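Chemist: So that we are looking at the same thing, I have put the structure below in structure tokens.
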Amino acid sequence: MSDQDGRDREQDERSPEFKPYHHPAAGWGAAKSVTGFLIREGELVNGPRAIRKMNHENGGFDCPGCAWPDDTKGLHLDICENGIKHVTWEMTRKRVGREFFATHTVSELSEWSEFELEDQGRLTEPMRYDADSDRYVPISWPEAFELIGRTLRELGSPDKAAYYTSGRLGNEATFLYQLMARELGTNNLPDCSNMCHEASGRALQAALGTGKGTVDLEDWERADALFILGVNAASNAPRMLTALAEAYHRGAQIVHINPLVEAAATRTIIPHDFAKMATFRATRTGTLNLQPRIGGDMALIRGMAKAALEQAREDPGAVDMTFIERHTTGFEEYRALCEATPWEEIEHQSGVSVADIRAAARIYRDADRSIASWCLGVTQHEHGVDTVREIVNLLLLRGNLGREGSGPSPVRGHSNVQGNRTCGIDHRPATAFLDRLGEVCGITPPRHHGLDTVGTIEAMHRGEVTVFVGMGGNFVLAAPDTPYTSAALRKCALTVQVSTKLNRSHLVHGRQALILPCLGRTEKDEQRGGLQSTSVEDSMSMVHLSVGMKRPASTHLLSEPAIIAGMARAALPDSATPWEAYVEDYDRIRDTMSQVFDGFEDFNRRVRQPLGFRIRQPARELVFHTASGRAEFSAAALPDVIPAPGTLALGTMRSHDQWNTTIYSDNDRYRGVKNLRTLIFMNADDMRERGLSQFDDVDITSTAKDGTTRSLYRYKVIPYDIPRGCAAGYMPEMNVLCAIGDYSTQSDQPIMKHLKVTVEPSA
Ligand code: SF4
């Protein structure tokens, strides 16, 4: 509990605990956790009110959590434990206003934990950093916009500024944001997907001519086999548990592929299944668990393909040659590569036995319709693009594309991260899009590619980018190489953070800095045109509306579209773009978007249909906008993912009680951890080899591609069911270990799931 100055003093006294978790995911554990959270946040009244509105159409708001699609069958409680935490956290009654900032210097606040910072509550008014007093002081909106406008006008080159997007930004604000940046003359539009699913987008684009998955929830309800790779669904996409339990009930096979056996890979009690809740009856959510070594997914999938091709010699039905001949290219090269890849190498690189790989291949062969779903456990590697393409190769072998119950289904982390990319946040924009944008909006968009997240940090560090604008998120913590990224941000002339709550990125700032508080998802957005709605796109390309239901936390808050329009008008005083008219009524933004984007025709009418609309996916209709006009097999060599002797491959991950960089507590219920975040999970034999026992203090040192090292000290080691040579721990703390230069040559993504580390007892 926080004391008088908001600090959580008791945290330090609570001693760490670890007891492996064997209960069902969700169920009574989730119910107890939610109740505790609502009580802690004092939201026992508003909380349930919001829960009834969450993820519901006709006046409901979209959960600011993950991007799992809304139920299509009118489920009343279409929510999960973590979704309730995200919403309750936003709805807190705590406030951070000028009194708070007058009491605390930035240097003092820099000593506070991430939890303590965000736990202070909702920001209530715009604040400007005053270097003399080392405090934030109030500033009016017009003054704030003028400061931003003047700074951007005087930059000399529009490429000296970068405009970052966290996946929470709605589609309408997203469109205005990219329009502002491009009217200013830059494509410096880094976004959080540069760190999460960039590999998925690039791989799917190359293989199928689309950067997205091709399936929807109804396909999940019809698949005979689900292959779930590198996903911790019970914490990061909890409503997937419902789909998995229903799949098990109808006899589908569910194969989880992950170095850790996470809670969603075993069993669950679905909270809205009252009969099961009342009788404590759990449902299985997995039929086979395979634990490859970190980075071993590609070899495992290669093995499944090899087994299928071997099977096809006696059993022609093992692969769909009709589909392959009619719709694909590159098959023969891929077949030859599979045949040439020895089982020994596959077993060694995957860390999974040939027998288990064959078992998975048999499940794949016996299923008429298969879906492969993956998340960051697959993408945050050097070879992330190759692995996603290998997954697509496997799907193509049996024609699992363009028909019910089959296809690729990446699970997006943030509620609108897919919508951000769809609506123009792309540092490498397509020419056709820029042509259309210029034509419709009467601007001359820049043609040269801009900077992604890593590129922006490096450019800030070199002093080439001197203005950083962050729409949501907590950039300094989400990014890799925290000290380097912090130094880069501090070199900026101006940093602007548009946020709902206080966080680390407000304390790591440029010479001048602004905090601009915006409306939350749950809050009513009243404009001259009345109550406004914003739209979001989920992981399965469904676009639907979100409307706030409660009074804003402060009368000084502005909506994200209004903040962007304010910045744009100040930076582009003569702009012909109707910024103010757009803010008055977001239907006007959508009208323009319907002219710019394929698939958004008649946007305003279609988005108001029940459940909204699904953006057309050509690949789902077997229309492939690839170089060959066909679905393309890849033929990449297997990477060597075996750690050098004495080292471990470390993957960073979230706990159950966090959302991206937002920390709700130091507990991780599904992994059996209490009161501890500075930990490393290791294989018990690897611990024994190093003379380590549970809770021993260890120092963790990573070695970057350039040979530099980075260390974390006095972390606690915990024995965990993880393959030999592998280890895991939490982001954002462990982002310190990922060097800025350690990004994939295939996707430019920081390789947060595959750091090379040593673990030594602390001195
Ligand atoms: S599954 Fe994701 S979107 Fe749905 S309620 Fe939970 S966190 Fe929110």
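The values are calculated or read from the model by the stated rules, or taken from the named source; none is laboratory data. This is a predicted model, so every value here is computed, not measured. Here the Cβ is made from the backbone with ideal geometry for all residues, glycine too, and neighbour counts use every protein chain on show. Protein only, heavy atoms only, side chains kept; ligands, DNA and RNA dropped before computing areas. Shrake-Rupley method; radii C 1.70, N 1.55, O 1.52, S 1.80 Å.
Chemist: Going residue by residue through region 264-271, is there one that turns out to be at pLDDT below 95, under 26 Å from PRO719 (Cβ atoms) and within 16 Å of the ligand (Cβ to nearest atom)?
Modeler: Scanning region 264-271, I find at least one residue that is at pLDDT below 95, under 26 Å from PRO719 (Cβ atoms) and within 16 Å of the ligand (Cβ to nearest atom), so the answer is yes.
Chemist: Here is a follow-up. In region 617-631, is there at least one residue being under 24 Å from the mean Cα position of the chain (by Cα), within 30 Å of THR329 (Cα to Cα), without any contact (Cβ under 8 Å) to a residue 24 or more places away in the chain and open to solvent by 10 Å² or more (accessible area, probe 1.4 Å)? Even if it seems obvious, please write down each step before you answer.
Modeler: We begin by selecting, within region 617-631, every residue under 24 Å from the mean Cα position of the chain (by Cα); these are 617, 619-620.
Now restrict to residues that are within 30 Å of THR329 (Cα to Cα): 617, 619-620.
Next, only the ones that are without any contact (Cβ under 8 Å) to a residue 24 or more places away in the chain stay: none.
Within region 617-631 (the criterion being under 24 Å from the mean Cα position of the chain (by Cα), within 30 Å of THR329 (Cα to Cα), without any contact (Cβ under 8 Å) to a residue 24 or more places away in the chain and open to solvent by 10 Å² or more (accessible area, probe 1.4 Å)), the answer is no, since none of the residues qualifies.
Chemist: Let me ask something else about it. Could you please find all residues in region 358-371 being under 16 Å from ARG302 (Cβ atoms) and open to solvent by less than 10 Å² (accessible area, probe 1.4 Å)?
Modeler: ALA360, ALA361, TYR364
Chemist: Residues that are within 16 Å of the ligand (Cβ to nearest atom) and surrounded by 18 or more Cβ atoms within 10 Å (Cβ to Cβ): list the helices (runs of 4 or more DSSP H) wholly contained in region 72-189 that include at least 3 such residues.
Modeler: On the way: elements: 81-91, 98-103, 106-109, 114-118, 141-153, 171-184.
The helices (runs of 4 or more DSSP H) meeting that bar are 81-91.
Chemist: If you don't mind, another one. Identify all residues within region 582-612 that are without any contact (Cβ under 8 Å) to a residue 60 or more places away in the chain, touching a helix residue (DSSP H, G or I) at 6+ places or on another chain (Cβ under 6 Å) and of a type outside the set (Phe, Trp, Tyr); write none if there are none.
Modeler: VAL583, ASP587, ARG588, SER594, GLU601, ASN604, listed by residue number.
Chemist: Among the residues of region 641-678 satisfying the criterion of being in contact with a Leu (Cβ under 9 Å, 6 or more places away or on another chain) and hydroxyl-bearing (Ser, Thr, Tyr), which is nearest to the ligand (Cβ to nearest atom)?
Modeler: Applying the filter and picking the extreme gives THR661.
Chemist: I'd like the residue in region 54-69 that is surrounded by fewer than 23 Cβ atoms within 10 Å (Cβ to Cβ) and either more than 13 Å from the ligand (Cβ to nearest atom) or of a type in the set (D, E, K, R) (or both) and, out of all such residues, is nearest to MET542 (Cα to Cα).
Modeler: Per the stated criteria, the residue is GLU57.
Chemist: Go through region 236-254 residue by residue and tally those that are surrounded by fewer than 23 Cβ atoms within 10 Å (Cβ to Cβ) and farther than 19 Å from ALA30 by Cβ.
Modeler: Counting residues in region 236-254 that are surrounded by fewer than 23 Cβ atoms within 10 Å (Cβ to Cβ) and farther than 19 Å from ALA30 by Cβ gives 4.
Chemist: I would also like to ask the following. Which numbered condition in (1) surrounded by fewer than 24 Cβ atoms within 10 Å (Cβ to Cβ); (2) touching a helix residue (DSSP H, G or I) at 6+ places or on another chain (Cβ under 6 Å); (3) part of a helix (DSSP H, G or I) is the only one that THR210 fails?
Modeler: Just one mismatch for THR210, condition (3).
Chemist: Within region 434-443, is there a residue that is in the same structural domain as MET593 (by TED's automatic domain parsing) and either in contact with a strand residue (DSSP E or B) (Cβ under 6 Å, 6 or more places away or on another chain) or aromatic (Phe, Trp, Tyr) (or both)? Step through it out loud before you land on a result.
Modeler: Of all residues in region 434-443, those in the same structural domain as MET593 (by TED's automatic domain parsing) come to 434-443.
Okay, now just the ones that are also either in contact with a strand residue (DSSP E or B) (Cβ under 6 Å, 6 or more places away or on another chain) or aromatic (Phe, Trp, Tyr) (or both), so none.
No, the conditions are met nowhere in region 434-443.
Chemist: Looking at (1) assigned to a helix (DSSP H, G or I); (2) more than 26 Å from GLY566 (Cβ to Cβ); (3) of a type in the set (Gly, Ala, Ser), find the lone condition where ALA459 falls short.
Modeler: (2)
Chemist: Next question. Considering only region 37-53, I want to know if a residue exists there that is of a type in the set (Asp, Glu), at pLDDT below 95 and buried (at least 19 other Cβ atoms within 10 Å of the Cβ). Please lay out each step first, then the result.
Modeler: Just the residues of region 37-53 that are of a type in the set (Asp, Glu), to begin with: 41, 43.
Imposing the further condition that a residue be at pLDDT below 95 reduces the set to 41, 43.
Those still in the list that are buried (at least 19 other Cβ atoms within 10 Å of the Cβ) too: 41, 43.
Scanning region 37-53, I find at least one residue that is of a type in the set (Asp, Glu), at pLDDT below 95 and buried (at least 19 other Cβ atoms within 10 Å of the Cβ), so the answer is yes.
Chemist: Restricted to region 462-494, and to residues that are more than 21 Å from the chain's Cα centre (by Cα) and in a helix (DSSP H, G or I), which residue is surrounded by the fewest Cβ atoms within 10 Å (Cβ to Cβ)?
Modeler: Top of the filtered list is PRO483.
Chemist: Scanning for something surrounded by fewer than 22 Cβ atoms within 10 Å (Cβ to Cβ) and more than 16 Å from the ligand (Cβ to nearest atom), does region 404-413 turn up at least one residue? Give the derivation first.
Modeler: Step one: list which residues in region 404-413 are surrounded by fewer than 22 Cβ atoms within 10 Å (Cβ to Cβ), which gives 404-405.
Subset that is more than 16 Å from the ligand (Cβ to nearest atom): 404-405.
Scanning region 404-413, I find at least one residue that is surrounded by fewer than 22 Cβ atoms within 10 Å (Cβ to Cβ) and more than 16 Å from the ligand (Cβ to nearest atom), so the answer is yes.
Chemist: Hey, another quick one. Name the single residue, out of those in region 41-53 being part of a helix (DSSP H, G or I) and in contact with a helix residue (DSSP H, G or I) (Cβ under 9 Å, 6 or more places away or on another chain), that is farthest from the ligand (Cβ to nearest atom). Write out each step before concluding.
Modeler: So in region 41-53, the residues part of a helix (DSSP H, G or I) come out as 46-53.
Retained after the next criterion (residues that are in contact with a helix residue (DSSP H, G or I) (Cβ under 9 Å, 6 or more places away or on another chain)): 46-48, 50-51.
Numbers: ASN46: 17, GLY47: 14, PRO48: 15, ALA50: 11, ILE51: 9 Å.
Step by step, filter region 41-53, then rank; the result is ASN46.
Chemist: Please name all residue pairs, on different chains or six or more residues apart, with Cβ atoms under 7 Å, provided the first residue is in region 227-253 and is under 16 Å from SER370 (Cα atoms) and in contact (Cβ under 8 Å) with a residue 60 or more places away in the chain and the second residue is open to solvent by 10 Å² or more (accessible area, probe 1.4 Å) and part of a helix (DSSP H, G or I).
Modeler: Every condition considered, the pairs that remain are LEU229/GLY377; GLN253/ILE363.
Chemist: Continuing with the same structure: Go through (1) more than 15 Å from the ligand (Cβ to nearest atom); (2) within 30 Å of PHE475 (Cα to Cα); (3) in contact with a Lys or Arg (Cβ under 8 Å, 6 or more places away or on another chain) and name the single condition GLU198 misses.
Modeler: The one condition GLU198 does not meet is (3).
Chemist: Still on this structure, I have one more. Might you let me know whether region 278-289 holds any residue that is closer than 25 Å to LYS753 by Cβ, buried (at least 19 other Cβ atoms within 10 Å of the Cβ) and touching a helix residue (DSSP H, G or I) at 6+ places or on another chain (Cβ under 6 Å)?
Modeler: yes
Chemist: Right, another one. Out of everything in region 450-461 that is touching a helix residue (DSSP H, G or I) at 6+ places or on another chain (Cβ under 6 Å) and open to solvent by less than 10 Å² (accessible area, probe 1.4 Å), what residue ends up being nearest to GLN380 (Cα to Cα)?
Modeler: Filtering region 450-461 for residues that are touching a helix residue (DSSP H, G or I) at 6+ places or on another chain (Cβ under 6 Å) and open to solvent by less than 10 Å² (accessible area, probe 1.4 Å), the one nearest to GLN380 (Cα to Cα) comes out as THR453.
Chemist: Here's another thing I want to ask about it. Kindly establish whether THR703 is within 16 Å of the ligand (Cβ to nearest atom) and within 27 Å of the chain's Cα centre (by Cα).
Modeler: Numbers: within 16 Å of the ligand (Cβ to nearest atom): no; within 27 Å of the chain's Cα centre (by Cα): yes.
No: the conditions fail for THR703.
Chemist: Out of curiosity, is GLY646 assigned to a loop (DSSP other than H, G, I, E, B) and over 29 Å from THR387 (Cβ atoms)? Steps first, please.
Modeler: Working: assigned to a loop (DSSP other than H, G, I, E, B): yes; over 29 Å from THR387 (Cβ atoms): no.
It is false that GLY646 is assigned to a loop (DSSP other than H, G, I, E, B) and over 29 Å from THR387 (Cβ atoms).
Chemist: Okay, next question. Among the numbered criteria (1) outside any strand (DSSP E or B); (2) within 16 Å of the ligand (Cβ to nearest atom); (3) closer than 30 Å to ASP452 by Cβ, which single criterion is violated by ILE228?
Modeler: (1)
Let's see how each residue does on (1) part of a helix (DSSP H, G or I); (2) touching a helix residue (DSSP H, G or I) at 6+ places or on another chain (Cβ under 7 Å); (3) assigned by TED's automatic domain parsing to the domain that holds MET653:
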residue	(1), (2), (3)
GLY317	yes, no, no
LEU337	yes, no, no
SER373	no, no, no
ARG389	yes, yes, no
LEU401	no, yes, no
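Chemist: Here's a follow-up. Mind listing whichever residues of region 292-327 are in contact with a Phe, Trp or Tyr (Cβ under 9 Å, 6 or more places away or on another chain), crowded, with 23+ Cβ neighbours inside 10 Å and not hydrophobic (A, V, I, L, M, F, W, C)?
Modeler: Those that are in contact with a Phe, Trp or Tyr (Cβ under 9 Å, 6 or more places away or on another chain), crowded, with 23+ Cβ neighbours inside 10 Å and not hydrophobic (A, V, I, L, M, F, W, C): ASP297, GLY303, LYS306.
Chemist: If you don't mind, there's one more thing I want to ask. Given the structure, is ALA644 buried (at least 18 other Cβ atoms within 10 Å of the Cβ) and among the aliphatic types (A, V, I, L, M)? I'd like the intermediate steps shown before the answer.
Modeler: Details: buried (at least 18 other Cβ atoms within 10 Å of the Cβ): no; among the aliphatic types (A, V, I, L, M): yes.
Here the answer is no, as ALA644 does not meet what is asked.
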